[in-house]
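Reading through the structure tokens given below for one structure.
The values are calculated or read from the model by the stated rules, or taken from the named source; none is laboratory data. In this text the structure is predicted, and so the values were computed from the model without any measurement. Using ideal geometry, Cβ is built from the backbone for each residue, glycine included, and neighbour counts are taken over all protein chains shown. We work out accessible area using only protein heavy atoms, side chains counted, and drop any ligands, DNA or RNA first. Shrake-Rupley method; radii C 1.70, N 1.55, O 1.52, S 1.80 Å.
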Amino acid sequence: MSESANAPESRTSGASLRRTRAKGEPRFPDGPKADPAGSHFERRIRSFQPRRSRVTAGQADALQRLWPKWGLDIDGRTLDLVELFGNENPVVLEIGFGMGEATAEMATADPGTNVLAVDVHTPGQGNLLNLADQNGLSNVRVANGDAIILLREMLAPASLNGLRVYFPDPWPKKRHHKRRLIQPEFLTLVATRLRPGAIVHCATDWEPYAEQMLDVLTAHPDFENTRPDGGFAPRPGFRPLTRFEAQGLDKGHVVNDLLFRRVDQ
């Protein structure tokens, strides 16, 4: 039932989606929770900040209709990927999918691969659900919350066939570098959840961060560069050119891709 089913409507368009909520009432009663892992509070530097921006009527409708079917909150409970997707196809984890256009395009091009896409941006979550619905995608699931908790507490060892991190927050100020996602301890955790041969694919248009990614991945014993020269990779054809990326290229930004393989120890 819609959250506005028993509420008086506003005189503005989209009234049922934009009415004033009572204090304590959830924004999307059947959708993503505001703080799914609140009981797991810990003093840890996080690489993300929830962004507050307007949710369109279409995104809100997708969150209400599709979250119970294709969404999940990262709350620390063990996750069965076969049960989640309804099949035993390989699963790739994507951390930070923005508005989800590239995620949906890649899922459409590779229906035999399941994509577990994680973000904390509510409009993006709604947009990706909408795209999945419009394109008839059954291989996308949208996760809400902290990817570290997902990796550490909810996923089984060697359960993933890949990791995608496209255009993460570069945290450009030096005092914020510790917030960057791609760090040695993060890669150590990721390695426990990746099957041997799985690919970690990162992309960024912030060159200092690209250099750090290359250094950290190269130094980590659980990963090897797929490039024989040990450098950056050209953008592979399977990674779509996003609007965000195109805008950066128009401004003269240099985009670097990194593709590293999980080695079999």
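Observations on the model:
- When Asp215, Asp222, Asp250, Asp61 are compared by accessible area at a 1.4 angstrom probe, the order from most to least is Asp250, Asp215, Asp61, Asp222.
- Accessible surface ranking that places the most exposed of Arg65, Arg262, Arg54 first, with a 1.4 angstrom probe: Arg54, Arg65, Arg262
- For region 186-265, the spread of Cα positions along each principal axis, largest first, Å: 42, 24, 24
- Two-decimal log10 I(q)/I(0) for region 165-222, as the Debye equation yields it once each C-alpha is a single scatterer, q = 0.12, 0.17, 0.26, 0.28 Å⁻¹: -0.28, -0.55, -1.19, -1.32
- Intensity falloff of region 110-234 expressed as log10 I(q)/I(0), Debye formula with alpha-carbon point scatterers, at q = 0.09, 0.21 Å⁻¹: -0.29, -1.42
- Built amide H within the under 5 Å cut-off of Glu94, gap 5+: Leu116, Ala117, Val118, Arg164
- Size of electric dipole in region 189-265: Cβ of Lys, Arg +1 and of Asp, Glu -1, about Cα centre, debye, nearest 20: 360
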